[in-house]
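The values are calculated or read from the model by the stated rules, or taken from the named source; none is laboratory data. It should be emphasised that the depicted structure is a prediction, and the values quoted were computed from it without experimental measurement. All Cβ positions, even for glycine, are placed from backbone atoms using ideal geometry, and neighbour counts span all protein chains on display. Surface areas here come from the heavy atoms of the whole protein model, side chains and all, with no ligands, DNA or RNA. Shrake-Rupley method; radii C 1.70, N 1.55, O 1.52, S 1.80 Å.
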Amino acid sequence: MAAHSELADDGAIKIIIIKTTGDKILSQPLADIGGKGLFTKEIDEALLEGKIDIAVHSMKDVPTYFPDGMILPCNLPREDVRDAFICLTANSLSELPAGSIVGSASLRRQSQILYRYPSLKVVNFRGNVQTRLKKLNEGEVQATMLALAGLKRLHMTENVTALLSVEEMLPAIAQGAIGIACRSNDEKMANYIASLNHEETRLAVACERAFLETLDGSCRTPIAGYAYRDKDGYCVFRGLVASPDGTRVLEASRKGSYALEEMVSMGKDAGKELLSRAGPGFLDW
């Protein structure tokens, strides 16, 4: 509305809230109910059927392939990519006593926690932020971890005990980035959302997703990756793949110019390196 005055008129924009499979089924791990696309499928179907004109997604939920007839040309400026540690009894993961239970629905977090703190226990922990905080307060787990981006958007950062650096906890692919999609033949909507695109974020997300696509990771594979522009203007990328129990963690890093082609190439190259180092069967959990 701020960018296009004609959209500020009453009724020019209607927001439709669509509950996805990932929102509805909270009793099982994501990998057990289908993995990819669980938070996007119903929204993409509504877009392709013409029930909505643009679709807004959290990029870390978007599969590396798009359905035919859909494009995603726009990313909003990226929010803080770090993970937040939330606990009532300790100030950091390192302060938790051996045997403490950490709740997390993310294998990426689980593997990195267990790699550094093998004495901790990680259990599957799903639900919206409010549900997870309630379970924490009731003592079901001693600690949990959530993306800071989500807590900021919900204005719930007062619950954060500590922030983990990206060195200690590498983020999910595209964490903190919002993507906006439209139909590939809808020039009008494409023009509207083009005015909102943040190119630096779009390129970083493209680099990270190229890494993920090369590894062809499923929800059963702990994969993390982060691309950013350093103070000299270069793209720095770091990627990781791990075993769910945290006993094996493999990392690769790249540095190059901050340009789409080179950044996609860096992501793919880092993915290929980790595939060859991991060996056959490493990703088949």
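Scan the helices (runs of 4 or more DSSP H) fully inside the range 63-153 and keep the ones with 2 or more residues being over 15 Å from the mean Cα position of the chain (by Cα) and touching a residue at least 24 places away in the same chain (Cβ under 8 Å).
Hits in the range 63-153: 107-116, 129-137.
Among the residues of the range 243-285, write down those that are among the charged types (D, E, K, R), farther than 30 Å from PRO118 by Cα and touching a residue at least 12 places away in the same chain (Cβ under 8 Å). Passing the criteria: LYS255, GLU262, LYS268, ASP269.
Residue count for the range 218-234, restricted to those that are of a type outside the set (Phe, Trp, Tyr) and surrounded by fewer than 23 Cβ atoms within 10 Å (Cβ to Cβ): 9. Of all residues in the range 193-209, those satisfying the criterion of being surrounded by fewer than 19 Cβ atoms within 10 Å (Cβ to Cβ) and assigned to a helix (DSSP H, G or I) are ALA194, GLU199, GLU200, ALA206. Whether a residue is modelled with pLDDT under 95 and either open to solvent by less than 50 Å² (accessible area, probe 1.4 Å) or within 30 Å of THR247 (Cα to Cα) (or both) was assessed, and VAL81 does not pass this test.
Hey, could you check the range 6-26 for residues that are at pLDDT 75 or above and touching an Asp or Glu at 6+ places or on another chain (Cβ under 9 Å) and say which is surrounded by the most Cβ atoms within 10 Å (Cβ to Cβ)? Result: THR20. Within the range 27-34, does at least one residue satisfy the condition of being at pLDDT 95 or above, assigned to a helix (DSSP H, G or I) and more than 24 Å from ALA149 (Cβ to Cβ)? No - not one qualifying residue is present in the range 27-34.
Considering ILE43, ILE54, which residue is free of Cβ contacts under 8 Å to residues at least 40 places away in the same chain and closer than 21 Å to LEU196 by Cβ? Spell out the reasoning first.
Working: ILE54 fails: free of Cβ contacts under 8 Å to residues at least 40 places away in the same chain.
ILE43 is the lone residue from the list that is free of Cβ contacts under 8 Å to residues at least 40 places away in the same chain and closer than 21 Å to LEU196 by Cβ.
Taking the listed residues LEU240, LEU163, LEU212, the one that is closer than 23 Å to LEU146 by Cβ, part of a strand (DSSP E or B) and either open to solvent by 20 Å² or more (accessible area, probe 1.4 Å) or touching a Ser or Thr at 6+ places or on another chain (Cβ under 6 Å) (or both) is LEU163, with no other qualifying. Against the conditions (1) assigned to a loop (DSSP other than H, G, I, E, B); (2) open to solvent by 10 Å² or more (accessible area, probe 1.4 Å); (3) touching a residue at least 24 places away in the same chain (Cβ under 8 Å); (4) not basic (Lys, Arg), MET169 satisfies every one except (2). Which one of the conditions (1) touching a helix residue (DSSP H, G or I) at 6+ places or on another chain (Cβ under 8 Å); (2) assigned to a helix (DSSP H, G or I) does MET189 fail to meet, given that it meets all the rest? Failing condition for MET189: (1).
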